[in-house]
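J.: Mind having a look at this structure? Questions to follow.
The values are calculated or read from the model by the stated rules, or taken from the named source; none is laboratory data. Everything numeric here is computed off the predicted structure, so don't read it as measured data. Reconstructed Cβ throughout: ideal geometry from the backbone, glycine too, with neighbour counts over all protein chains shown. Please note that ligands, DNA and RNA were not included when accessible areas were found on the heavy atoms of the full protein model with its side chains. Shrake-Rupley method; radii C 1.70, N 1.55, O 1.52, S 1.80 Å.
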Amino acid sequence: MNDMKYTPEELVPIVAELAAKYTGYEHSSISYEKAQMLMSAVLYCIHELDAADGNTLQTSSLSAKEAYLSGREIVMAKVRKLQNLYDVLISDFQDFGSICLKATVKGIPLFLLHYDAVYAPQETLLALDYPVLKDPGNASGVDAVLEYVNCLCLEQRFLNTFDTAFVIDTLCRYHEDYGHLVENLCPILLQSMIVHMILHKPFNVSSYTEEDLAHMNHFLEGKSPAEVNAAIAEMIAELIARYFDGDTLLQEYLSLAIPDIAARLPFLLPPHAPI
């Protein structure tokens, strides 16, 4: 269902009703900015129904208010889902020394506390500074935060599978002050694993030889970017099968890092660099 099928004449009474509740029925008018905010709230909820609906014929007869109220229920359900997902995330959460990751996750309860699902469901409230691998697109409000926490849960599943000291050592070898970087941790660990797989070395080996450099050059030689990407994808699939019981969601998520890892491969073994 397309929310734009509703005319302003159908939407304005919903906004007026929200405005009356917003002001506690004490004022007869609100500012233009507040009216815009409430109209955005109405459209956000109608869009939620549109995004969730699999049978547009069934809902095409809904009035604007019915569509709005149904969409608002979906928003409320997503808030509950976010709370449950956050509880799962925080139960075994590790920031691995990343200041940005720690601060961003710390802000999620504040979102849950201050998020206004009735009057401003379109507001995201959080900066979400720690960069996850999945592009949020135009998502906002609870949609953006819910998708973001889904990504963090996948990342924690990946990172927490390995010994904490090993993960931190890998991060330190990438950058001695990695904790202050605004950078996703997963590709750092993943690219180290990919390099070790290419060189047929155990993951805990932290140095390389001239022979290793020659091996990497041989691996890259004559391969197109698409072929390098495909080879990395196969190695990620092998990791997922070996350590994560073939978790396809995690595999799809980590695969988003493939282009960046492929671009870095030729530069990961300069003279005297660890791996």
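J.: Among the residues of region 158-169, write down those that are without any contact (Cβ under 8 Å) to a residue 24 or more places away in the chain and not in a loop (DSSP other than H, G, I, E, B).
T.: 165
J.: If we scan region 77-91, do we find a residue that is modelled with pLDDT of 95 or more and more than 21 Å from the chain's Cα centre (by Cα)?
T.: Within region 77-91, none of the residues are modelled with pLDDT of 95 or more and more than 21 Å from the chain's Cα centre (by Cα).
J.: Which fully enclosed helices (runs of 4 or more DSSP H) of region 182-255 have 2 or more residues being open to solvent by 40 Å² or more (accessible area, probe 1.4 Å)?
T.: Once the helices (runs of 4 or more DSSP H) in region 182-255 are filtered for at least 2 residues that are open to solvent by 40 Å² or more (accessible area, probe 1.4 Å), what remains is 210-220, 225-243, 248-254.
J.: A further question follows. From the list 123, 147, pick out the single residue that is under 22 Å from residue 74 (Cβ atoms), at pLDDT 95 or above, open to solvent by 30 Å² or more (accessible area, probe 1.4 Å) and assigned to a loop (DSSP other than H, G, I, E, B).
T.: From the options 123, 147, the qualifying one is 123.
J.: If you go through region 58-65 one residue at a time, do you hit one that is in a helix (DSSP H, G or I), at pLDDT 95 or above and open to solvent by 30 Å² or more (accessible area, probe 1.4 Å)?
T.: So far as region 58-65 goes, yes, one or more of its residues are in a helix (DSSP H, G or I), at pLDDT 95 or above and open to solvent by 30 Å² or more (accessible area, probe 1.4 Å).
J.: Restricting the first residue to region 226-254 and requiring it to be more than 18 Å from residue 201 (Cα to Cα) and among the charged types (D, E, K, R), which pairs with a second residue that is in a helix (DSSP H, G or I) and open to solvent by less than 50 Å² (accessible area, probe 1.4 Å) meet a Cβ separation below 7 Å and a spacing of at least six or different chains?
T.: Filtered contacts from region 226-254: 247/240.
J.: A further question follows. Tally time: how many residues in region 149-191 are small (Gly, Ala, Ser) and over 22 Å from the mean Cα position of the chain (by Cα)?
T.: 1
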